[in-house]
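The values are calculated or read from the model by the stated rules, or taken from the named source; none is laboratory data. Please read these numbers as outputs of a predicted model, since none were measured by experiment. Backbone-built Cβ (ideal geometry, glycine too); neighbour counts: all protein chains shown.
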Amino acid sequence: MDKSRSFYFGFAILLISSVAMAQEPGVIKPQLLLSEVIQGMPKGEKQEVRVLTASFKPGDKTMLHTHRFPVAVYVLEGAFTLEMEGREPVTVKAGQAIVMPSQVKMKGYNRSSTDPLRLVLFNVSDTGTPYLDPVH
């Protein structure tokens, strides 16, 4: 019985100390914005990582295009509307993220007539692959 109590007491101390360490002032803890299982990632021995920014004035849009590999989008400011072939339009607001799938025709918009839109875009591709392919 004493060994059992000692174990539980030790476990309680360990649990309390780990919670206290996690809440230590000045120690950051990343927040998960988006987690999505995706297909179409590159499979080569080497990949190229790209982090891009895009700024849209009110009413700006992208050309109709596809991506060869998925692209993660994080909205810094404004609201980003994404229209993808065969899907309902999606609007993502500041502080939110979305994954644009590969091989899907799409067009992105800043539907606001007054507010700018700023995005951070992240993708992993085979080296030398164009970021997007225009659709004519």
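Surrounded by 11 or more Cβ atoms within 10 Å (Cβ to Cβ) and at pLDDT 95 or above, is that true of MET41? No: the conditions fail for MET41. Just so you know, in the range 44-64 the residues that are among the small types (Gly, Ala, Ser) and surrounded by 13 or more Cβ atoms within 10 Å (Cβ to Cβ) include one that is farthest from SER125 (Cα to Cα), and it is SER55. Annotation note: Cβ proximity below 8 Å between a residue of the range 97-118 that is within 18 Å of SER55 (Cβ to Cβ) and surrounded by fewer than 16 Cβ atoms within 10 Å (Cβ to Cβ) and a residue that is modelled with pLDDT of 95 or more and hydroxyl-bearing (Ser, Thr, Tyr) (sequence gap 6+ or interchain) occurs for PRO116/SER55. The test for being out of contact with any Gly (no Cβ under 7 Å at 6 or more places or on another chain), closer than 15 Å to LEU119 by Cβ and at pLDDT 90 or above does not hold for LEU64. Only strands (runs of 3 or more DSSP E) whose full extent lies in the range 67-117 are considered here, and the ones with at least 2 residues that are within 20 Å of LYS57 (Cα to Cα) are 71-77, 79-84, 90-93, 106-109. Within the range 70-93, residues that are surrounded by fewer than 19 Cβ atoms within 10 Å (Cβ to Cβ) sit with their Cβ atoms under 6 Å from residues that are assigned to a strand (DSSP E or B) and among the aromatic types (Phe, Trp, Tyr), at 6+ positions apart or across chains, in these pairs: ALA72/PHE122; THR81/TYR109.
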